[in-house]
Amino acid sequence: EEDGWPVVNNPDKPLQGDRVIEPEQMWRIGGDDEDILFGLIEDAVVDAQGYAYLLDTVLSSVLVVDDEGEVVRQVSGEGDGPGEFRFARELIFLPDGALGILEMMPGKIVSVTRDGTPRPSFAIEDTDGGGMMNHLQHIAANDEAVLIGRVSTTFGEGSATIHRLLSLHGADGVQKAVIREDKEVQSGGNIQLGGDDGDEFTQNFTLGSDGSIVIYPDSRKYELQVYGADGAKKRLIRRKYESVRRPEKELEAARKQAEEMSARFGGQVEIEVPEMADDIGRVIARPEGVLWVSNSQGNRDSGDREIGWFDEYNRDGKYVKRVLI
């Protein structure tokens with residue numbers, strides 16, 4: 001046990017070896033198809049009937065594609081009215097079955113039914129009283145609850161207060177619990193975003209169908225924190241892991257992007273560009289408490305026609321398989 005966490009330490013090899021899944025392509029749209037125009041598809045979700053909802057963040061629209069690859073309707077678009085959005089980040093199905101569109105700023109979840117009828121927005125309270133920078137980072141949901149990560153930055157004279165918050169909400173939007181939060185005050189020079197261990201919990205999490213909450217607060221460290229639906233610590237999952245350095249071409253692009261971002265804030269914001277790739281890329285909650293973890297080693301070892309390798313953990317936190325898709 002460590003700091004109240006029951007610890008599960010895993011070796012670098014899975015107990016049951018490798019498994020290869022060969023998915024079958026159902027449809028393909030876009031590309032050279034002149035009848036379909038995409039800006040940038042940032043996220044997609046699929047419902048039980050096989051309809052795919054595609055979030056285009058450039059054209060600010062959500063298109064619905066049926067199981068044969070035909071675009072059947074648009075359920076939301078750009079604007080400030082009911083069911084409309086700007087600056088969207090991702091999609092989610094809310095507990096009532098409606099589609100939720102996460103809008104980064106000013107920080108809300110726009111809600112529409114699956115046929116496009118506007119629903120009341122999932123408003124997020126600004127606990128810092130209207131910070132200059134206040135936006136949502138990530139959202140996860142199951143049939144009963146919604147988990148939201150958000151960050152607000154309030155600027156004062158020569159200082160900035162950064163408030164990070166991960167909160168659990170009921171189906172009605174009411175906040176039920178704060179799972180994790182911290183406040184950091186920076187002063188005396190440029191403001192630095194990122195770089196501190198453990199400050200990524202507002203975007204690195206998932207919510208299981210059983211209500212369990214999985215956080216990886218530092219993506220450069222192979223460690224998963226699993227909470228119960230009541231917020232109690234269930235287990236800390238680790239495995240022996242060797243980090244991977246990012247390709248030089250990728251580093252050059254990241255440095256250029258960081259410079260452009262810093263310039264938008266008059267050079268007062270420093271953005272760290274790490275040389276090593278994130279140990280953990282994403283965690284996917286599968287049925288029956290199973291977790292799939294994408295990582296830098298798996299991304300390196302997979303081919304151009306593959307999504308990648310995922311580490312599979314059973315509900316007890318044991319590293320049982322490597323899965324290639």
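Quick notes on this one:
- Normalised contact order of the chain, rounded percent, pairs of Cα under 8 Å and 6 or more residues apart: 14
- Estimated FRET transfer efficiency (Asp18, Asp182; beta-carbon r; R0 41 Å; 0.05): 0.60
- The charge dipole of the range 1-78, taken about the Cα centre with unit charges on the Cβ atoms of Lys, Arg (+1) and Asp, Glu (-1), comes to about 140 debye, rounded to the nearest 20.
- When the Cα positions of Ala48, Met104, Val65 are compared along the charge dipole of the range 40-106, Met104 comes out farthest toward the positive end, with charges on each C-beta of Lys, Arg, Asp and Glu.
- Heavy-atom surface analysis with a 1.4 Å probe gives the chain a carbon and sulfur content of 45 percent of its accessible area.
- Residues of type lysines that Lys240 reaches as a straight line, Cα spacing below 24 Å, ignoring anything fewer than 8 places off in the same chain: Lys13, Lys221, Lys318, Lys321
- Arg114-Val46 pseudo-label distance in nm [points 7 Å out on the Cα-to-Cβ vector]: 1.4
- Accessible surface, per residue, of the range 209-325 when the full set of protein chains is kept, probe 1.4 Å, Å²: 55
- Summing charges over all other residues whose Cβ lies under 15 Å from the Cβ of Ala263, with Lys and Arg as +1 and Asp and Glu as -1, gives 0.
- Pair Trp5, Asn299: separation of 7 Å Cα→Cβ label points (nm): 2.2
- Distance between modelled label sites at Asp80 and Glu275, nm, 7 Å Cα→Cβ extension: 4.7
- Residue separation of Phe155 and Asp33 scaled by 0.36 nm, minus their Cα-Cα distance, works out to 39.2 nm of gained length.
- Computed on the range 75-126, with alpha-carbon pairs under 8 angstrom and 6+ residues apart, the relative contact order is 31 percent.
- Solvent-accessible surface (1.4 angstrom probe) belonging to Asp182, in square angstrom, nearest 10: 50
- Partners of Lys176 within straight-line reach, counting lysines whose Cα lies under 21 Å from its Cα and excluding those fewer than 8 residues away in the same chain: Lys108, Lys233, Lys234.
- Each other residue within a Cβ distance under 14 Å of Leu291 adds +1 if Lys or Arg and -1 if Asp or Glu, for a net charge of +4.
- When only the Cβ of Lys, Arg, Asp and Glu is charged (+1, +1, -1, -1), the dipole of the chain relative to its Cα centre reaches about 900 debye.
- The range 227-278, relative contact order in percent, only Cα pairs under 8 angstrom and at least six apart counted: 39
- Within the shell of other residues whose beta carbon sits under 11 angstrom from the beta carbon of Met26, the net charge comes to -3, with Lys and Arg scored +1 and Asp and Glu -1.
The values are calculated or read from the model by the stated rules, or taken from the named source; none is laboratory data. Given the structure is predicted, the values throughout are model-derived calculations rather than measurements. Please note: Cβ atoms are built from the backbone with ideal geometry, for glycine as well, and neighbour counts cover all protein chains shown. These accessible areas exclude ligands, DNA and RNA; they are computed on the full protein's heavy atoms, side chains included. Shrake-Rupley method; radii C 1.70, N 1.55, O 1.52, S 1.80 Å.
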